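Following: one structure in structure tokens, then a few remarks.
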Amino acid sequence: MTVLFASTELDELVELADVVVTFYKGEVVARHDSVTSGDALLFEMTHGTAVHEVGGAW
């Protein structure tokens with residue numbers, strides 16, 4: 001079963017979702033199958049670069 005859930009409350013999204021996919025300008029930036037932070041998601045959605053690609057410690 002798949003549910004598409006969009007929210008501006010990123011911490012809530014992380015708590016609810018099993019998988020989080022971030023997008024930037026219509027393109028997939030990253031897929032998170034494990035827990036990540038709202039800060040990391042916000043970075044990916046605003047910079048178009050996955051946190052792991054820039055060495056982020058989120």
- Apply the Debye scattering formula to the chain, with a single equal point scatterer on each alpha-carbon and no solvent, then give log10 I(q)/I(0) at q = 0.16, 0.27, 0.28 Å⁻¹. -0.44, -1.26, -1.34
- For Thr49 and Phe23, compute 0.36 nm times the residue count separating them, minus their Cα-Cα distance, and round to one decimal in nm. 8.4 nm
- Query: Got a number for carbon plus sulfur as a percent of the chain's accessible area, 1.4 Å probe?
  - Reply: 53
- Helix-only mean residue ellipticity at 222 nm for the chain, each DSSP H run of n ≥ 4 adding -39500 (n - 2.57), per residue, nearest 500: -8000 deg cm²/dmol
- Averaged per residue, the 1.4 Å probe accessible area of the chain, protein heavy atoms only, in Å², is roughly 77
- Taking θ as phi - 60°, what are the ³J(HN,Hα) couplings along region 12-27 by the Karplus curve (6.51, -1.76, 1.60), each to the nearest whole Hz, with x for Gly and Pro? 5, 4, 4, 5, 7, 8, 7, 9, 10, 10, 9, 10, 9, 6, x, 10
- Note on the structure: Counting sequence-distant residues (5 or more places) and residues on other chains, those with an amide H built under 5 Å from that of Val29 are Thr22, Phe23, Tyr24
- Item | Charge tally in the Cβ shell below 12 Å around Val35, where Lys, Arg are +1 and Asp, Glu are -1, Val35 excluded | -4
- Note on the structure: Percent relative contact order for the chain, counting Cα pairs under 8 Å at least six residues apart, stands at 27
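The values are calculated or read from the model by the stated rules, or taken from the named source; none is laboratory data. Here the structure is a predicted model, which means the values were calculated and not measured. Cβ atoms come from the backbone with ideal geometry, glycine included; neighbour counts cover every protein chain shown. When the accessible area is computed, the model is the full protein with side chains, heavy atoms only, and any ligands, DNA or RNA have been set aside. Shrake-Rupley method; radii C 1.70, N 1.55, O 1.52, S 1.80 Å.
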